[in-house]
Amino acid sequence: MGQIMEMDKAYIANTYARFPVEIVKGEGSIVTDTEGKQYIDLGTGIGVNTFGLADEEWQNAVISQMQKYQHTSNLYYSEPCAVLAQMLCQRTGMSKVFFSNSGAEANECAIKAARKYACEKKGPEYYNIITLKNSFHGRTITTLAATGQESFHKDFLPLTQGFLYAEPNDIESVRQLAENNKVAAILFEVVLGEGGVIPLEREFVKGMAKIAAENDILLIADEVQVGNGRTGELYGYMNHEIIPDIVTTAKGLGGGLPIGATMFNEKTADVFTPGTHGSTFGGNPLSCAGAISILSRIDAELLAEVRTKSDYIFAALAAANGVKSVHGLGLIIGIETEKDTDVVVKECISRGVLVLKAKNRVRLLPALNIPWEQLKQAIGIIKEVFAEV
Ligand SMILES: *Cc1c(COP(=O)(O)O)cnc(C)c1O
(Lines give C-alpha, C1' and ligand atoms only; values in the text may rest on other atoms or scores of the structure.)
Protein backbone atom coordinates (compact mmCIF):
# COMPACT_ATOMS: atom_id res chain seq x y z
CA MET A 1 0.00 0.00 0.00
CA GLY A 2 1.26 3.47 -0.90
CA GLN A 3 2.25 6.06 1.68
CA ILE A 4 -0.76 8.30 1.04
CA MET A 5 -3.17 5.38 1.39
CA GLU A 6 -1.56 4.46 4.74
CA MET A 7 -1.73 8.05 6.00
CA ASP A 8 -5.34 8.31 4.89
CA LYS A 9 -6.28 5.12 6.72
CA ALA A 10 -4.47 6.31 9.83
CA TYR A 11 -5.78 9.86 10.01
CA ILE A 12 -9.01 10.24 8.01
CA ALA A 13 -12.29 9.40 9.76
CA ASN A 14 -13.41 6.00 8.63
CA THR A 15 -16.52 7.03 6.66
CA TYR A 16 -15.50 6.03 3.13
CA ALA A 17 -14.68 2.63 1.63
CA ARG A 18 -12.23 3.97 -0.93
CA PHE A 19 -11.03 2.14 -4.02
CA PRO A 20 -7.27 1.60 -4.13
CA VAL A 21 -6.72 4.37 -6.65
CA GLU A 22 -4.77 7.55 -5.90
CA ILE A 23 -5.41 10.18 -8.54
CA VAL A 24 -2.59 12.58 -9.25
CA LYS A 25 -3.74 14.30 -12.42
CA GLY A 26 -6.86 14.95 -14.44
CA GLU A 27 -7.51 16.23 -17.91
CA GLY A 28 -11.12 16.37 -19.03
CA SER A 29 -12.54 12.86 -18.71
CA ILE A 30 -9.15 11.19 -18.28
CA VAL A 31 -7.56 10.75 -14.88
CA THR A 32 -4.10 9.40 -14.09
CA ASP A 33 -3.06 7.55 -10.94
CA THR A 34 0.29 7.30 -9.15
CA GLU A 35 1.38 4.42 -11.37
CA GLY A 36 0.69 6.41 -14.53
CA LYS A 37 -2.36 4.28 -15.28
CA GLN A 38 -5.11 6.19 -17.07
CA TYR A 39 -8.84 5.87 -16.50
CA ILE A 40 -11.85 7.19 -18.37
CA ASP A 41 -13.91 8.96 -15.74
CA LEU A 42 -17.65 8.21 -15.88
CA GLY A 43 -18.21 9.31 -12.27
CA THR A 44 -17.05 12.98 -12.31
CA GLY A 45 -16.53 13.02 -8.55
CA ILE A 46 -20.24 12.07 -8.20
CA GLY A 47 -21.67 14.42 -10.77
CA VAL A 48 -19.54 17.39 -9.74
CA ASN A 49 -16.99 17.93 -12.51
CA THR A 50 -19.54 19.01 -15.12
CA PHE A 51 -16.87 19.65 -17.76
CA GLY A 52 -14.36 17.13 -16.49
CA LEU A 53 -11.15 17.70 -14.55
CA ALA A 54 -8.91 20.74 -14.85
CA ASP A 55 -11.13 22.23 -17.55
CA GLU A 56 -9.29 25.28 -18.80
CA GLU A 57 -12.19 27.70 -19.24
CA TRP A 58 -13.46 26.96 -15.74
CA GLN A 59 -9.92 27.18 -14.30
CA ASN A 60 -9.40 30.59 -15.90
CA ALA A 61 -12.67 31.91 -14.47
CA VAL A 62 -11.66 30.77 -10.97
CA ILE A 63 -8.05 31.96 -11.26
CA SER A 64 -9.13 35.37 -12.47
CA GLN A 65 -11.41 35.76 -9.41
CA MET A 66 -8.67 34.35 -7.15
CA GLN A 67 -6.40 37.18 -8.24
CA LYS A 68 -9.00 39.77 -7.16
CA TYR A 69 -10.15 38.34 -3.79
CA GLN A 70 -11.19 34.97 -2.36
CA HIS A 71 -13.83 35.89 0.25
CA THR A 72 -15.56 38.94 1.66
CA SER A 73 -18.35 37.61 3.97
CA ASN A 74 -22.00 38.25 3.34
CA LEU A 75 -21.79 41.63 5.09
CA TYR A 76 -20.76 43.23 1.79
CA TYR A 77 -21.76 43.08 -1.86
CA SER A 78 -19.75 40.90 -4.23
CA GLU A 79 -20.06 40.70 -8.01
CA PRO A 80 -19.74 36.94 -8.72
CA CYS A 81 -22.50 36.17 -6.23
CA ALA A 82 -24.96 38.70 -7.71
CA VAL A 83 -24.15 37.77 -11.32
CA LEU A 84 -24.63 34.05 -10.66
CA ALA A 85 -27.94 34.66 -8.87
CA GLN A 86 -29.17 36.73 -11.81
CA MET A 87 -28.12 34.01 -14.28
CA LEU A 88 -29.91 31.32 -12.27
CA CYS A 89 -33.08 33.39 -12.04
CA GLN A 90 -33.07 34.36 -15.70
CA ARG A 91 -32.59 30.78 -16.80
CA THR A 92 -35.20 29.23 -14.51
CA GLY A 93 -37.80 31.96 -14.04
CA MET A 94 -37.18 31.78 -10.28
CA SER A 95 -37.04 35.06 -8.35
CA LYS A 96 -34.32 34.82 -5.69
CA VAL A 97 -31.40 32.61 -4.65
CA PHE A 98 -29.76 31.72 -1.34
CA PHE A 99 -26.20 30.41 -1.65
CA SER A 100 -24.64 27.80 0.62
CA ASN A 101 -21.86 25.23 0.21
CA SER A 102 -23.35 21.80 -0.34
CA GLY A 103 -26.44 19.87 -1.34
CA ALA A 104 -27.43 19.13 2.23
CA GLU A 105 -27.30 22.83 3.10
CA ALA A 106 -29.30 23.76 0.01
CA ASN A 107 -32.01 21.32 1.12
CA GLU A 108 -31.78 22.40 4.76
CA CYS A 109 -32.46 25.96 3.57
CA ALA A 110 -35.43 24.81 1.45
CA ILE A 111 -36.89 22.92 4.42
CA LYS A 112 -36.51 25.95 6.70
CA ALA A 113 -38.11 28.18 4.07
CA ALA A 114 -41.03 25.79 3.56
CA ARG A 115 -41.68 25.59 7.29
CA LYS A 116 -41.51 29.37 7.70
CA TYR A 117 -43.82 29.90 4.73
CA ALA A 118 -46.38 27.40 6.03
CA CYS A 119 -46.11 28.66 9.61
CA GLU A 120 -46.84 32.23 8.57
CA LYS A 121 -49.53 31.36 6.04
CA LYS A 122 -51.31 28.36 7.57
CA GLY A 123 -50.04 28.03 11.14
CA PRO A 124 -47.17 26.39 13.05
CA GLU A 125 -48.81 22.94 13.00
CA TYR A 126 -48.30 22.77 9.20
CA TYR A 127 -44.69 21.62 9.54
CA ASN A 128 -44.78 18.24 7.78
CA ILE A 129 -42.80 17.61 4.62
CA ILE A 130 -43.56 14.72 2.28
CA THR A 131 -40.55 13.03 0.67
CA LEU A 132 -40.22 9.76 -1.23
CA LYS A 133 -39.08 6.35 -0.09
CA ASN A 134 -35.64 5.64 -1.52
CA SER A 135 -34.83 9.33 -1.80
CA PHE A 136 -31.59 10.96 -0.72
CA HIS A 137 -31.42 14.53 0.52
CA GLY A 138 -28.24 14.77 2.60
CA ARG A 139 -26.40 13.78 5.77
CA THR A 140 -27.30 16.43 8.33
CA ILE A 141 -29.79 15.33 10.97
CA THR A 142 -32.64 17.12 9.18
CA THR A 143 -31.75 16.14 5.61
CA LEU A 144 -31.24 12.56 6.85
CA ALA A 145 -34.78 12.75 8.21
CA ALA A 146 -35.88 13.91 4.75
CA THR A 147 -34.04 10.96 3.20
CA GLY A 148 -36.56 8.13 2.82
CA GLN A 149 -34.17 5.26 3.57
CA GLU A 150 -34.12 3.69 7.01
CA SER A 151 -30.63 2.27 6.51
CA PHE A 152 -29.28 5.85 6.70
CA HIS A 153 -31.31 6.69 9.83
CA LYS A 154 -30.34 3.93 12.23
CA ASP A 155 -27.74 4.87 14.86
CA PHE A 156 -28.62 8.57 14.56
CA LEU A 157 -32.06 8.71 16.15
CA PRO A 158 -33.94 10.81 17.06
CA LEU A 159 -33.93 12.74 13.79
CA THR A 160 -35.80 15.98 13.08
CA GLN A 161 -39.55 15.37 13.27
CA GLY A 162 -42.11 16.04 10.59
CA PHE A 163 -41.14 13.96 7.55
CA LEU A 164 -43.60 11.62 5.85
CA TYR A 165 -42.54 9.14 3.20
CA ALA A 166 -44.61 8.41 0.09
CA GLU A 167 -44.09 5.62 -2.45
CA PRO A 168 -42.31 6.87 -5.58
CA ASN A 169 -44.49 6.66 -8.71
CA ASP A 170 -47.61 6.01 -6.61
CA ILE A 171 -49.65 9.20 -6.65
CA GLU A 172 -52.32 7.83 -4.32
CA SER A 173 -49.70 7.41 -1.64
CA VAL A 174 -48.75 11.11 -1.96
CA ARG A 175 -52.41 12.15 -1.99
CA GLN A 176 -53.19 10.18 1.19
CA LEU A 177 -50.33 11.80 3.09
CA ALA A 178 -51.15 15.27 1.74
CA GLU A 179 -54.83 15.05 2.64
CA ASN A 180 -54.46 13.43 6.05
CA ASN A 181 -51.66 15.55 7.50
CA LYS A 182 -50.83 19.21 7.96
CA VAL A 183 -48.24 19.57 5.22
CA ALA A 184 -45.84 22.40 4.33
CA ALA A 185 -44.12 20.90 1.27
CA ILE A 186 -43.39 17.96 -1.01
CA LEU A 187 -39.66 17.44 -1.64
CA PHE A 188 -38.52 15.17 -4.49
CA GLU A 189 -35.73 14.30 -6.96
CA VAL A 190 -36.95 13.74 -10.55
CA VAL A 191 -34.51 10.83 -10.68
CA LEU A 192 -33.82 9.11 -7.35
CA GLY A 193 -30.04 9.25 -7.70
CA GLU A 194 -28.54 7.56 -4.65
CA GLY A 195 -31.70 5.48 -4.43
CA GLY A 196 -30.70 3.48 -7.52
CA VAL A 197 -31.20 5.92 -10.44
CA ILE A 198 -34.98 5.56 -10.53
CA PRO A 199 -36.68 8.13 -12.74
CA LEU A 200 -40.06 9.42 -11.61
CA GLU A 201 -42.79 9.00 -14.20
CA ARG A 202 -44.03 12.19 -15.84
CA GLU A 203 -47.61 11.59 -14.72
CA PHE A 204 -46.44 11.13 -11.14
CA VAL A 205 -44.40 14.35 -11.16
CA LYS A 206 -47.33 16.25 -12.64
CA GLY A 207 -49.64 14.61 -10.11
CA MET A 208 -47.45 15.83 -7.21
CA ALA A 209 -47.52 19.35 -8.68
CA LYS A 210 -51.32 19.19 -8.89
CA ILE A 211 -51.73 17.92 -5.32
CA ALA A 212 -49.37 20.65 -4.12
CA ALA A 213 -51.31 23.37 -5.95
CA GLU A 214 -54.69 22.10 -4.73
CA ASN A 215 -53.63 21.94 -1.09
CA ASP A 216 -51.44 25.07 -0.88
CA ILE A 217 -48.41 22.86 -0.36
CA LEU A 218 -44.99 23.99 -1.65
CA LEU A 219 -43.28 21.89 -4.30
CA ILE A 220 -39.51 21.54 -3.81
CA ALA A 221 -37.31 20.00 -6.50
CA ASP A 222 -34.01 18.57 -5.19
CA GLU A 223 -31.78 19.13 -8.21
CA VAL A 224 -28.54 18.54 -6.34
CA GLN A 225 -27.58 15.58 -8.52
CA VAL A 226 -29.83 15.88 -11.59
CA GLY A 227 -29.52 19.64 -12.08
CA ASN A 228 -27.22 21.75 -14.22
CA GLY A 229 -27.67 20.05 -17.57
CA ARG A 230 -27.33 16.44 -16.52
CA THR A 231 -30.81 15.30 -17.59
CA GLY A 232 -30.63 17.00 -20.98
CA GLU A 233 -32.50 20.04 -19.67
CA LEU A 234 -30.94 22.76 -17.53
CA TYR A 235 -32.86 21.45 -14.50
CA GLY A 236 -34.47 18.03 -14.25
CA TYR A 237 -37.96 19.34 -13.49
CA MET A 238 -37.93 21.06 -16.90
CA ASN A 239 -38.38 17.62 -18.47
CA HIS A 240 -41.84 17.43 -16.95
CA GLU A 241 -43.57 20.77 -17.57
CA ILE A 242 -43.89 21.71 -13.91
CA ILE A 243 -42.70 24.77 -12.00
CA PRO A 244 -41.52 24.12 -8.43
CA ASP A 245 -41.82 26.75 -5.71
CA ILE A 246 -38.27 26.02 -4.53
CA VAL A 247 -35.36 24.41 -6.41
CA THR A 248 -32.19 23.23 -4.69
CA THR A 249 -28.95 22.42 -6.45
CA ALA A 250 -25.25 21.85 -5.74
CA LYS A 251 -22.99 19.09 -7.13
CA GLY A 252 -22.49 20.04 -10.80
CA LEU A 253 -23.12 23.77 -10.37
CA GLY A 254 -19.64 24.68 -9.17
CA GLY A 255 -17.83 22.42 -11.64
CA GLY A 256 -15.67 21.13 -8.78
CA LEU A 257 -15.82 23.87 -6.15
CA PRO A 258 -18.25 23.60 -3.24
CA ILE A 259 -21.49 25.51 -3.73
CA GLY A 260 -25.16 25.03 -2.91
CA ALA A 261 -28.05 27.11 -4.22
CA THR A 262 -31.66 27.30 -3.12
CA MET A 263 -33.87 29.11 -5.62
CA PHE A 264 -37.24 30.61 -4.72
CA ASN A 265 -40.12 31.49 -7.00
CA GLU A 266 -42.27 34.61 -6.63
CA LYS A 267 -44.38 32.96 -3.94
CA THR A 268 -41.46 32.00 -1.68
CA ALA A 269 -38.92 34.73 -2.61
CA ASP A 270 -39.49 36.85 0.48
CA VAL A 271 -39.92 34.14 3.12
CA PHE A 272 -36.49 34.89 4.53
CA THR A 273 -35.80 38.31 6.00
CA PRO A 274 -32.49 39.63 7.40
CA GLY A 275 -31.26 37.41 10.20
CA THR A 276 -33.53 34.43 9.50
CA HIS A 277 -30.94 32.37 7.60
CA GLY A 278 -27.27 32.64 6.70
CA SER A 279 -23.97 31.00 5.80
CA THR A 280 -20.43 32.27 6.36
CA PHE A 281 -19.01 30.68 3.22
CA GLY A 282 -22.23 30.85 1.18
CA GLY A 283 -21.80 32.64 -2.14
CA ASN A 284 -18.03 32.26 -2.02
CA PRO A 285 -16.62 34.36 -4.89
CA LEU A 286 -14.38 31.56 -6.26
CA SER A 287 -17.22 29.03 -6.27
CA CYS A 288 -19.56 31.58 -7.86
CA ALA A 289 -17.02 32.55 -10.53
CA GLY A 290 -16.60 28.86 -11.38
CA ALA A 291 -20.36 28.36 -11.45
CA ILE A 292 -20.90 31.35 -13.78
CA SER A 293 -18.47 29.76 -16.23
CA ILE A 294 -20.21 26.36 -15.95
CA LEU A 295 -23.73 27.72 -16.32
CA SER A 296 -22.88 29.92 -19.29
CA ARG A 297 -21.70 26.84 -21.19
CA ILE A 298 -24.81 24.76 -20.53
CA ASP A 299 -26.60 25.98 -23.66
CA ALA A 300 -29.06 24.41 -26.10
CA GLU A 301 -26.27 22.82 -28.11
CA LEU A 302 -24.69 21.14 -25.09
CA LEU A 303 -28.07 19.94 -23.83
CA ALA A 304 -28.79 18.40 -27.24
CA GLU A 305 -25.42 16.65 -27.05
CA VAL A 306 -26.27 15.31 -23.58
CA ARG A 307 -29.47 13.80 -24.99
CA THR A 308 -27.66 12.27 -27.98
CA LYS A 309 -24.99 10.74 -25.74
CA SER A 310 -27.70 9.44 -23.45
CA ASP A 311 -29.49 7.75 -26.35
CA TYR A 312 -26.21 6.20 -27.42
CA ILE A 313 -25.50 4.78 -23.95
CA PHE A 314 -29.03 3.40 -23.56
CA ALA A 315 -28.88 1.76 -26.99
CA ALA A 316 -25.40 0.34 -26.46
CA LEU A 317 -26.17 -1.16 -23.05
CA ALA A 318 -29.84 -2.16 -23.21
CA ALA A 319 -29.20 -5.34 -25.17
CA ALA A 320 -25.72 -6.05 -23.78
CA ASN A 321 -24.84 -9.40 -22.26
CA GLY A 322 -25.26 -9.45 -18.48
CA VAL A 323 -27.38 -6.28 -18.45
CA LYS A 324 -30.94 -6.61 -17.16
CA SER A 325 -32.15 -3.07 -17.74
CA VAL A 326 -30.97 0.51 -18.12
CA HIS A 327 -32.68 3.43 -16.35
CA GLY A 328 -32.16 7.15 -16.07
CA LEU A 329 -32.55 10.45 -17.81
CA GLY A 330 -29.87 12.17 -19.87
CA LEU A 331 -26.44 11.46 -18.42
CA ILE A 332 -27.55 10.06 -15.07
CA ILE A 333 -27.81 6.38 -15.87
CA GLY A 334 -28.27 3.27 -13.75
CA ILE A 335 -27.60 -0.22 -15.05
CA GLU A 336 -29.33 -3.18 -13.51
CA THR A 337 -27.48 -6.47 -13.74
CA GLU A 338 -27.73 -10.01 -12.47
CA LYS A 339 -24.01 -9.92 -11.80
CA ASP A 340 -22.57 -8.74 -8.50
CA THR A 341 -22.50 -4.92 -8.80
CA ASP A 342 -19.44 -4.59 -6.55
CA VAL A 343 -17.52 -7.01 -8.73
CA VAL A 344 -18.58 -5.15 -11.89
CA VAL A 345 -17.49 -1.78 -10.47
CA LYS A 346 -14.14 -3.16 -9.31
CA GLU A 347 -13.50 -4.84 -12.65
CA CYS A 348 -14.39 -1.67 -14.60
CA ILE A 349 -11.89 0.27 -12.52
CA SER A 350 -9.25 -2.37 -13.01
CA ARG A 351 -9.84 -2.18 -16.78
CA GLY A 352 -9.57 1.62 -16.72
CA VAL A 353 -13.11 2.98 -16.40
CA LEU A 354 -14.29 4.80 -13.26
CA VAL A 355 -17.96 4.02 -12.63
CA LEU A 356 -20.17 4.48 -9.56
CA LYS A 357 -22.77 2.46 -7.71
CA ALA A 358 -26.26 3.41 -6.55
CA LYS A 359 -27.95 0.71 -4.50
CA ASN A 360 -27.67 -2.45 -6.61
CA ARG A 361 -27.08 -0.60 -9.87
CA VAL A 362 -23.99 0.54 -11.69
CA ARG A 363 -24.30 4.32 -12.01
CA LEU A 364 -22.81 6.49 -14.74
CA LEU A 365 -22.46 10.27 -14.36
CA PRO A 366 -20.02 11.23 -17.14
CA ALA A 367 -18.89 14.79 -17.86
CA LEU A 368 -21.44 16.53 -20.06
CA ASN A 369 -18.71 17.23 -22.63
CA ILE A 370 -17.03 13.81 -22.56
CA PRO A 371 -15.43 13.31 -25.99
CA TRP A 372 -17.30 10.73 -28.12
CA GLU A 373 -14.22 8.59 -28.59
CA GLN A 374 -13.65 8.26 -24.84
CA LEU A 375 -17.33 7.61 -24.19
CA LYS A 376 -17.45 4.84 -26.82
CA GLN A 377 -14.26 3.26 -25.53
CA ALA A 378 -15.56 3.30 -21.94
CA ILE A 379 -18.93 1.83 -22.89
CA GLY A 380 -17.13 -0.88 -24.84
CA ILE A 381 -15.11 -1.81 -21.75
CA ILE A 382 -18.21 -1.77 -19.53
CA LYS A 383 -19.99 -4.12 -21.95
CA GLU A 384 -17.04 -6.53 -21.86
CA VAL A 385 -17.07 -6.46 -18.07
CA PHE A 386 -20.82 -7.17 -17.89
CA ALA A 387 -20.40 -10.05 -20.28
CA GLU A 388 -17.31 -11.55 -18.63
CA VAL A 389 -17.51 -11.21 -14.83
C1 LIG B 1 -25.53 14.36 -3.08
C2 LIG B 1 -26.92 14.73 -2.82
C3 LIG B 1 -27.29 15.52 -1.71
C4 LIG B 1 -26.29 15.93 -0.66
O5 LIG B 1 -25.31 16.78 -1.16
P6 LIG B 1 -23.98 17.07 -0.30
O7 LIG B 1 -23.27 18.12 -1.14
O8 LIG B 1 -23.24 15.80 -0.19
O9 LIG B 1 -24.42 17.60 1.00
C10 LIG B 1 -28.61 15.90 -1.59
N11 LIG B 1 -29.54 15.53 -2.49
C12 LIG B 1 -29.23 14.78 -3.56
C13 LIG B 1 -30.30 14.42 -4.53
C14 LIG B 1 -27.92 14.34 -3.76
O15 LIG B 1 -27.62 13.55 -4.79
Cross-link candidates for LYS37: which aspartates and glutamates have Cα within less than 12 Å, leaving aside residues fewer than 8 places away along the same chain? GLU22
Formal net charge of residues neighbouring THR32 (Cβ-Cβ distance under 12 Å; K, R +1; D, E -1): -3
Within the range 86-119, list the chymotrypsin sites (Phe, Trp or Tyr not before Pro) lying in a DSSP loop whose Cβ has at most 10 other Cβ atoms in a 10 Å radius. none
In whole percent, what relative contact order does the range 64-160 give with Cα contacts below 8 Å and a gap of six or more residues? 16 percent
Evaluated at 37 °C with a viscosity of 0.692 mPa s, what Stokes-Einstein diffusion coefficient in µm²/s does the range 180-286 have when Rh comes from the Kirkwood expression over alpha-carbon pairs? 220 µm²/s
Sorted by accessible area with a 1.4 angstrom probe, largest first, how do CYS109, CYS81 fall? CYS81, CYS109
Taking a probe of 1.4 angstrom, what is the accessible area of LEU200 in Å², to the nearest 10? 10 Å²
Which of the aspartates and glutamates could be linked to LYS210 by a straight reach, that is with a Cα gap under 16 Å, when you skip same-chain ones fewer than 8 residues away? ASP170, GLU172, GLU179, GLU201, GLU241, ASP245
From Cα pairs below 8 angstrom and at least 6 apart in sequence, can you work out the relative contact order of the range 1-80, rounded to a whole percent? 18 percent
Pairs from LYS112/LYS154; LYS133/LYS359; LYS251/LYS376; LYS339/LYS383 whose Cα-Cα separation, in the structure shown, is over 19 Å: LYS112/LYS154; LYS251/LYS376
Using a 1.4 angstrom probe on the protein heavy atoms only, could you order ASP170, ASP342 from most to least accessible area? ASP342, ASP170
Point-charge dipole on Cβ atoms (K/R +1, D/E -1) for the range 246-323, about Cα centre, debye to 20: 180 debye
Quick check: convex hull of the Cα atoms in the range 11-105, volume per residue, rounded to a whole Å³? 184 Å³
Restricting everything to alpha-carbon atoms, can you work out Rg to Rh for the range 228-283 with a Kirkwood hydrodynamic radius? 1.01
Add +1 for every Lys or Arg and -1 for every Asp or Glu among the other residues with Cβ under 11 Å from the Cβ of PRO168, and state the total. -3
How much accessible surface does MET238 have with a 1.4 Å probe, in Å² rounded to 10? 60 Å²
Which order do you get for HIS327, HIS137 if you rank them by accessible area with a 1.4 Å probe, largest at the top? HIS327, HIS137
Go through PRO371, CYS89, ILE292 and say which Cα lies farthest out towards the positive end of the charge dipole of the chain; charges sit on Cβ, +1 for Lys and Arg, -1 for Asp and Glu. CYS89
At what distance in angstrom do the alpha carbon centres of the range 93-123 and the range 201-234 lie from each other? 15 Å
Given 25 °C, 0.890 mPa s and a Kirkwood radius over Cα pairs, the Stokes-Einstein diffusion coefficient of the chain in µm²/s is 114 µm²/s
Take the chain, connect every pair of alpha-carbon atoms lying under 10 Å apart with a spring to form a Gaussian network, then pick out the residue of ALA82, ALA106, ALA13 with the largest mean-square fluctuation. ALA13
Based on Cβ point charges of +1 for Lys and Arg and -1 for Asp and Glu, what charge dipole magnitude is obtained for the chain about its Cα centre, in debye rounded to the nearest 20? 380 debye
Put +1 on the Cβ of each Lys and Arg and -1 on the Cβ of each Asp and Glu in the range 142-201; which of VAL190, HIS153, LEU200 then has its Cα farthest toward the positive end of the dipole? HIS153
Can you give the relative contact order of the range 189-243 as a percent, counting alpha carbon pairs under 8 Å and 6+ residues apart? 35 percent
Percent of C-alpha pairs per 10 Å bin, the range 220-341, short to long: 12, 33, 32, 16, 6, 1
Packing-ranked peptide list from 118-127, 360-369, highest mean Cβ count within 10 angstrom first, is 360-369, 118-127
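The values are calculated or read from the model by the stated rules, or taken from the named source; none is laboratory data. Computed from a prediction, not measured in an experiment: that's the story for all the values here. With ideal geometry, Cβ positions are generated from the backbone for all residues, glycine too; neighbour counts draw on all protein chains shown. For accessibility, only protein heavy atoms count, side chains too; no ligands or nucleic acids. Shrake-Rupley method; radii C 1.70, N 1.55, O 1.52, S 1.80 Å.
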